[in-house]
Amino acid sequence: MSQTVKDNWPHRFVVVEGPIGVGKTTLVRKLAALIEAEPVLEQAEENPFLERFYRNPRAAAFPAQLHFLFQRHRQLQALRQQDLFAPRCVADYLLEKDQLFARVTLADDEYTLYEQVYSRMAIDAPRPDLVVFLQAPLDTLLERIERRGIAYERLIERDYLARVIDAYTRFFHQYDASPLLIVNASEFDPGSDPKAFDELVAAMQRTRRGRHYFNPVLG
């Protein structure tokens, strides 16, 4: 199957999105290996303010947000310069998510300043050929975060994650910039369920325009 999928893959640039713990990066790595694409991964572990943010969101939200903005800007600029968007790429973030998180985490005066910085950077982000939005309930995400055992992620507060889920839901309810595949990932694990992964890949191949929904058949 892998050779057939690779030879017939219709998308040059795919983005996988969703809240923390939903399985974005696992899916990106698995898909990139299948179709021989360049993975473009958010480097959360490189953000020196992230643990401080989870410990004290009010004190560290602004520097944590700016660090992510600058990091994503550097990644996208490097990709432009290296012409890595000529072959296939699969990313685990959509640039617009930066503003989504900024609105959730920043106070109004901080957000105003953030918007000024964002607008002056004039980021020329490529438009994805397909966006895959992974959804899962709050308790499922918390369980996965606990299971993967990253110490600072265990500091994430339930109320904060609930606000992030709500922000994602509202954002993608209105999103129409690219074809969109909304995936019920409440029980879907691309790393351990080959059948569900193959079905999702097939659904991604079929999604060329509009908004679609996918519920994997497990097992």
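If you take the residues of the range 173-194 that are in contact with a Leu (Cβ under 7 Å, 6 or more places away or on another chain) and modelled with pLDDT of 90 or more, which of them is surrounded by the fewest Cβ atoms within 10 Å (Cβ to Cβ)? Once the filter is applied, the top-ranked residue is S178. Considering the range 13-59, and only residues there that are surrounded by 16 or more Cβ atoms within 10 Å (Cβ to Cβ) and among the basic types (K, R), the residue that is farthest from L100 (Cα to Cα) turns out to be K30. Restricting attention to the range 1-12, the residues that are of a type in the set (K, R) and surrounded by 15 or more Cβ atoms within 10 Å (Cβ to Cβ) total 1.
Report yes if some residue within the range 53-61 is aliphatic (A, V, I, L, M), touching a residue at least 24 places away in the same chain (Cβ under 8 Å) and farther than 27 Å from L180 by Cα; otherwise report no. Looking through the range 53-61, at least one residue is aliphatic (A, V, I, L, M), touching a residue at least 24 places away in the same chain (Cβ under 8 Å) and farther than 27 Å from L180 by Cα.
Test V14 against the stated conditions and say whether it is in contact with a helix residue (DSSP H, G or I) (Cβ under 8 Å, 6 or more places away or on another chain) and at pLDDT 95 or above. When the stated conditions are applied, V14 passes them.
Identify all residues within the range 144-177 that are β-branched (V, I, T) and assigned to a helix (DSSP H, G or I); write none if there are none. If the condition is that a residue be β-branched (V, I, T) and assigned to a helix (DSSP H, G or I), then I145, V164, I165, T169 are the ones that fit.
The strands (runs of 3 or more DSSP E) found entirely in the range 1-118 that carry 1 or more residues being among the hydrophobic types (A, V, I, L, M, F, W, C) and over 25 Å from I150 (Cβ atoms) are 13-17, 89-91.
Table: residues versus (1) surrounded by 16 or more Cβ atoms within 10 Å (Cβ to Cβ); (2) within 18 Å of V22 (Cα to Cα); (3) of a type outside the set (F, W, Y).
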residue: L100; (1), (2), (3): yes, yes, yes
residue: L106; (1), (2), (3): yes, no, yes
residue: T112; (1), (2), (3): no, no, yes
residue: P126; (1), (2), (3): no, no, yes
residue: Q135; (1), (2), (3): yes, yes, yes
residue: R147; (1), (2), (3): no, yes, yes
residue: E153; (1), (2), (3): yes, yes, yes
residue: I156; (1), (2), (3): yes, yes, yes
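Looking for whichever is within 15 Å of the chain's Cα centre (by Cα) and among the basic types (K, R) here; the options are R144, R127. Which one fits? Outline the logic, then answer.
Values: R144 fails: within 15 Å of the chain's Cα centre (by Cα).
Step by step, each of R144, R127 is checked, and only R127 is within 15 Å of the chain's Cα centre (by Cα) and among the basic types (K, R).
Taking the listed residues D124, D198, D176, D139, the one that is touching a residue at least 24 places away in the same chain (Cβ under 8 Å) and farther than 30 Å from H73 by Cα is D198, with no other qualifying.
Out of all the residues in the range 43-82, which are of a type in the set (D, E, K, R) and at pLDDT 90 or above? Full working, then the answer.
Within the range 43-82, the subset of a type in the set (D, E, K, R) is 45-46, 51-52, 55, 58, 72, 74, 80.
Residues satisfying the conditions are E46, E51, R52, R55.
Candidates are the residues of the range 199-219 that are of a type outside the set (G, A, S) and more than 15 Å from N184 (Cα to Cα); the one that is surrounded by the most Cβ atoms within 10 Å (Cβ to Cβ) is T207.
Scanning the range 156-173 for residues that are without any contact (Cβ under 8 Å) to a residue 40 or more places away in the chain and either of a type in the set (D, E) or out of contact with any strand residue (DSSP E or B) (no Cβ under 8 Å at 6 or more places or on another chain) (or both) yields a total of 6.
The values are calculated or read from the model by the stated rules, or taken from the named source; none is laboratory data. Just so it is clear, the structure is predicted and the values come from calculations on it, not from any experiment. Ideal geometry is used to build each Cβ from the backbone, glycine not excepted, and the neighbour counts take in all protein chains shown.
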